[in-house]
1. Output ³J(HN,Hα) for the stretch 141-151: one whole-Hz value per residue in order, computed from phi by the Karplus curve 6.51 cos²θ - 1.76 cosθ + 1.60 with θ = phi - 60°, and x for Gly and Pro.
2. Label residue 114 and residue 22 with points 7 Å out from Cα along Cα→Cβ: what is the distance between them in nm?
3. Specify whether the C-alpha gyration tensor of the stretch 97-146 places it in the rounded, prolate or oblate class, a ≥ b ≥ c being the square roots of the eigenvalues: rounded for a/c under 1.5, otherwise prolate if a/b is larger than b/c and oblate if not.
4. Ignoring ligands, DNA and RNA, what percent of the 1.4 Å accessible area of the stretch 3-71 is carbon and sulfur?
5. Under 21 Å Cα-Cα from residue 117, which lysines qualify once same-chain neighbours fewer than 8 residues away are excluded?
6. Across the stretch 113-119, in residue order, what do the Karplus-derived ³J(HN,Hα) couplings come to in whole Hz, using 6.51 cos²θ - 1.76 cosθ + 1.60 with θ = phi - 60° and x for Gly and Pro?
7. Rolling a 1.4 Å sphere over the protein heavy atoms, what is the accessible area per residue of the stretch 1-59, to the nearest Å²?
8. In nm, to one decimal, how far is the modelled label at residue 127 from the one at residue 152, with both set 7 Å along Cα→Cβ?
Amino acid sequence: MEILTPSIIIAVIALISPVVTNYLNNKHLEKMKVFEYQLVLKKEEFQYRKTLSENYIRSTSEMIHLLNAGYGYAIHLGRDLNETLWNQREIIDYDAYLIALKNYKENYSALKAISSKNLADKLSEFDDVLYQRNSFKQNLFPNFDNVLSEIRVEINRNEPKYNDYRPDKI
């Protein structure tokens, strides 16, 4: 009977060992899938924020260029730059301006809704400058550079890093 005891133990271990190994492997894979899913979500969120930022930059640049082009055209024509807004409508491509303004407002609102407090403050400041009556007469790019630098900081801060989701211990 003593000979059967070690063989029974070996048989039980042979049956239990694959079950335990399979259970541990499944737990490990489950943890890895959770980490992978979190990383994918973070990447998608980052890409969404980046796209909103790019759209905002594109639409704001278009607004500034339209205002600057209209200002340059007015100087070229020798017009008085203290004309009313109605006369400024003749100077700039007003239809293009309205389309650019609509795009700007959509992108401004979308970016402001997801931005940090610092970026939201910079966006509001620049929006106020853009809507000042004399924005037609000034170079808005230095003010826009402040917004761009804050957008750059926010994008770098939100960029997903693999090590953030790499498990220290599994």
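The values are calculated or read from the model by the stated rules, or taken from the named source; none is laboratory data. Treat the numbers as computed from the prediction; the structure is a model and nothing was measured. Neighbour counts run over all protein chains shown; Cβ positions are idealised from the backbone, glycine included. Surface areas here come from the heavy atoms of the whole protein model, side chains and all, with no ligands, DNA or RNA. Shrake-Rupley method; radii C 1.70, N 1.55, O 1.52, S 1.80 Å.
1. 3J(HN,Hα) across the stretch 141-151, in whole Hz: 5, x, 5, 5, 4, 4, 5, 4, 5, 6, 5.
2. 4.3
3. oblate
4. Within the stretch 3-71, the accessible surface is 68 percent carbon and sulfur.
5. Filter leaves 42, 50, 105.
6. Karplus-based 3J(HN,Hα) across the stretch 113-119 equals 5, 10, 8, 6, 4, 4, 5 Hz.
7. Roughly 83 Å² per residue, with all protein chains present.
8. Computed distance between label sites residue 127 and residue 152 equals 2.4 nm.
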